1. Would you pick out the residues in the stretch 508-534 that are farther than 20 Å from TYR390 by Cβ and out of contact with any Leu (no Cβ under 9 Å at 6 or more places or on another chain)?
2. In the stretch 489-506, which residue that is in contact with a strand residue (DSSP E or B) (Cβ under 8 Å, 6 or more places away or on another chain) and under 30 Å from GLY396 (Cα atoms) is surrounded by the fewest Cβ atoms within 10 Å (Cβ to Cβ)?
3. Is it the case that some residue within the stretch 186-205 is without any contact (Cβ under 8 Å) to a residue 12 or more places away in the chain, touching a helix residue (DSSP H, G or I) at 6+ places or on another chain (Cβ under 9 Å) and of a type outside the set (Asp, Glu)?
4. Within the stretch 534-609, which helices (runs of 4 or more DSSP H) (wholly inside it) include 3 or more residues that are within 51 Å of the chain's Cα centre (by Cα) and modelled with pLDDT of 90 or more?
5. Can you spot a residue in the stretch 86-105 that is within 60 Å of the chain's Cα centre (by Cα) and hydroxyl-bearing (Ser, Thr, Tyr)?
6. Do you know which residues across the stretch 43-63 are within 21 Å of ILE136 (Cβ to Cβ) and either at pLDDT below 85 or not assigned by TED's automatic domain parsing to the domain that holds SER206 (or both)?
7. Among what's in the stretch 371-426 and is of a type in the set (S, T, N, Q), out of contact with any strand residue (DSSP E or B) (no Cβ under 8 Å at 6 or more places or on another chain) and not in a loop (DSSP other than H, G, I, E, B), pick the residue that is surrounded by the fewest Cβ atoms within 10 Å (Cβ to Cβ).
8. Quick one: is PRO96 closer than 17 Å to ALA64 by Cα and in contact (Cβ under 8 Å) with a residue 12 or more places away in the chain?
Amino acid sequence: MFNPKKIKIDNLSLGDLDHEAELIPLLSTEDEEEMNNESVPEELPILPLRNMVLFPGVVIPITAGRDRSIKLLQEANAANKVIGIVAQKDESIEEPGADDLHKIGVVARILRILKMPDGNTTVIIQGKKRFQMGEILTEQPYITAKTTDIPEARPLPDHTEFNAIIDSIKELSLEIIKQSPNIPSEASFAIKNIESNSFLVNFVSSNMNLKVSEKQQLLEMNDLKDRALETLRFMNIEQQKLELKNDIQSKVHSDINKQQREYFLHQQMKTIQDELGGGVSAHQELDEMRTRAKSKKWDDKVKEHFEKELAKMQRMNPQVAEYSIQRNYLDLFLDLPWNVFSKDNFDLKRAKKILDRDHYGLDEVKKRIIEYLAVLKLRNDMKSPILCLYGPPGVGKTSLGKSMAEALGREYVRISLGGLRDEAEIRGHRKTYIGAMPGRIIQSIKKAKTSNPVFVLDEIDKLSSSHNGDPSSAMLEVLDPEQNNAFYDNFLEMGFDLSKVMFVATCNSLNTIQPALRDRMEIINVTGYTIEEKVEIGKQHLLPKQLKEHGLTKEHLKIAKPQIEKIVEGYTRESGVRSLDKQMAKMVRYAAKSIAMEEPYDLKVTNETVVEVLGAPRMERDKYENNDVAGVVTGLAWTRVGGDILFIESILSKGKGSLTITGNLGKVMKESATIAMEYIKANADELGIPTEVFEKYNVHIHVPEGATPKDGPSAGITMLTSLVSLFTQRKVKKSIAMTGEITLRGKVLPVGGIKEKILAAKRARIKEILLCEQNRRDIEEIKPEYLKGLTFHYVSDMSDVLELALTKQKVKNAKKLS
């Protein structure tokens, strides 16, 4: 209401009213009566207004711009004639015709014509009476038309309802003027001093913020009471809008004041930080992130997500805790190697040379790596395989991964999974948690700075589970070539492509790996080393490494192969070379101490020097002095640290035929002893054993090293041979060992871990080995040089085992069993 507007009648705009109070004539009741008694001329020149409706008694200024409008005003002013003011239906029409104008307008008198400094003509006019436009007489040089007077119904002065409406309009007008900052305070004086009720209604209607169509609707009302009621309705709406607007502005003003205060404080803090020479402002961080983002090779989806999160950070207050979390999140996004790949080296001969240099033996693993490189070279695009190196400790599984990375020309990363029991270590924490961080997979990729490193997952068989989840289940997505192209990390909240990563897992046992996880990996068996291989490894790798670590050279200490073999045989008994490495370190420390103390020492190590430094040999093999005792047989066993030999001992004592089994044996091994005993009872006649013996003697089977848990079916034929030797008192051949499972019918079944068992037999100086016929294929896969000095007997029935293992000769002092 009363908002100063620019009133358009043609191409130009009217100037703002600078002296509104001067332009508001306060009509008296007599003046109004006189104006109403004036007659409307039969013909009038018509002046169209674009965005304004003129009401009777109201004064408005206009600026004329079109030639025919200026001509009309000049001629009318010169002749002191009145003109007709009519509103256009569509203000966008430049040259309105008769059909473009409303039919009801107001007769106006020209009060003053002013020449403005800019050359325009400003005219001040006052409305008189309403009229209805009839027949159009001329359209050039301006529109003239026939007009007729429109009578207006007015309530009597003592009309109570109308007077109440007028009072409400006055009160509401004063309230709106008070609340609106755009209306000058002088307007309230004008409202208070208006005597005429009809002029008050027209004055308020003319100055309200209404559309032209709404004002025209008010003008066309013939009943002044109806016009006053409709005006009051519009004023109520205006007041409600104004109250709401003021309320919003008050809140916004308060918020702006708070923001301005915080901005001022932040600027002060920035100035203090700059003076102290430290700290980076939030704006600098955002600008730096935007600059780094321009160099990233991410796709549209990742880019859109990053920009959205960056905008979120920009809206945050740097002092809140979430700000640092969001900053760390965006830093991770910028640090990750999105679509950054190192170039693979396809020189297969070089790769083979590196693998042979770093590792002695392990031909199967090297062959698989070369095959992978060959396929990658031909296709130039291949999903990386998931390799699992399975074998005892100390055989070089982990270090093999590093050599693979060098051979491929890729970055190398490694994480140890031993004892990991929190799923979030793999998948990461959600950002909502305090101390949230990405999983170790994404962290390692970030450190590698490429999306295709060689990634070693050490000790994957030692993953455990807890109330925090099952990490081995979380690894299913990581190690699935069909899924890991969009690995979802909870912290990252987006999929990351791991399909180009070459994962290499290591484990000591397959039994503890989840079956679904084991199915996703290609198992490569990394077996233990023979004595010959250990000697070569000690000579080529371990001794030079220890000399370097102790600050010596090969000129300070020389250990020949025979002495290394003595160390291997007398002081190590594992499948790997960790113990050998420790013994080598002792020998080098012996030389280092002697050099540092300037004491004489043997530059060339002898057998006596080995004993002097390392002490007496602790791993002396059993020389089978007990071969003259019936019931003692050598078996072959597989353990998590490689192969080993074990002895089965049986003894008879007077009793009632009970069977006792000792030696910390598992359920399967105890069942093997029971099966062996029942087989002997069922075939006593064929074996030459009196049946009454089983009722007069108790049998005790024992496996030495009782503190070591033992289990598995491999000792079946060994136990049966031991019992038959005991009951028949026949000797067991010297330097013979056996492994295999038995059935109640006496059939021999194949077992696993053959290579490890063969290596254990060689270390123990065993010459002959009994195996199941179906294990022949396992022997054929072993290099012939590993089998040198060994004789293999393949059997399918226990009668064959007894024929080969037992001599015809009874032991000395054989017991007479009857």
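1. Within the stretch 508-534, GLU532 is the sole residue that qualifies.
2. Applying the first criterion (in contact with a strand residue (DSSP E or B) (Cβ under 8 Å, 6 or more places away or on another chain)) to the stretch 489-506 yields 489, 494-498, 501-506.
Narrowing the set further to residues that are under 30 Å from GLY396 (Cα atoms) leaves 497-498, 501-506.
Values: ASP497: 15, LEU498: 24, VAL501: 25, MET502: 22, PHE503: 25, VAL504: 30, ALA505: 28, THR506: 26.
Within the stretch 489-506, the match that is surrounded by the fewest Cβ atoms within 10 Å (Cβ to Cβ) is ASP497.
3. At the first step, the residues of the stretch 186-205 found to be without any contact (Cβ under 8 Å) to a residue 12 or more places away in the chain are none.
Looking for residues that are without any contact (Cβ under 8 Å) to a residue 12 or more places away in the chain, touching a helix residue (DSSP H, G or I) at 6+ places or on another chain (Cβ under 9 Å) and of a type outside the set (Asp, Glu), one finds none in the stretch 186-205, hence no.
4. On the way: elements: 543-549, 561-571, 578-596.
Ranges flagged: 543-549, 578-596.
5. Here is the first cut: in the stretch 86-105, the residues within 60 Å of the chain's Cα centre (by Cα) are 90-92.
Okay, now just the ones that are also hydroxyl-bearing (Ser, Thr, Tyr), so 92.
The answer is yes; a qualifying residue exists.
6. Filtering the stretch 43-63 down to residues within 21 Å of ILE136 (Cβ to Cβ) leaves 43-50, 53-54.
Within the stretch 43-63, ARG50 is the sole residue that qualifies.
7. Residues of the stretch 371-426 that are of a type in the set (S, T, N, Q), as a first pass: 380, 384, 398-399, 403, 416.
Now restrict to residues that are out of contact with any strand residue (DSSP E or B) (no Cβ under 8 Å at 6 or more places or on another chain): 380, 399, 403.
From what's left, not in a loop (DSSP other than H, G, I, E, B): 399, 403.
Details: SER399: 13, SER403: 23.
The extreme case among them is SER399.
8. Numbers: closer than 17 Å to ALA64 by Cα: yes; in contact (Cβ under 8 Å) with a residue 12 or more places away in the chain: yes.
Yes, satisfied.
The values are calculated or read from the model by the stated rules, or taken from the named source; none is laboratory data. These figures come from a predicted structure and were not determined experimentally. Every residue, glycine among them, receives a Cβ derived from its backbone with ideal geometry; neighbour counts consider all protein chains shown.
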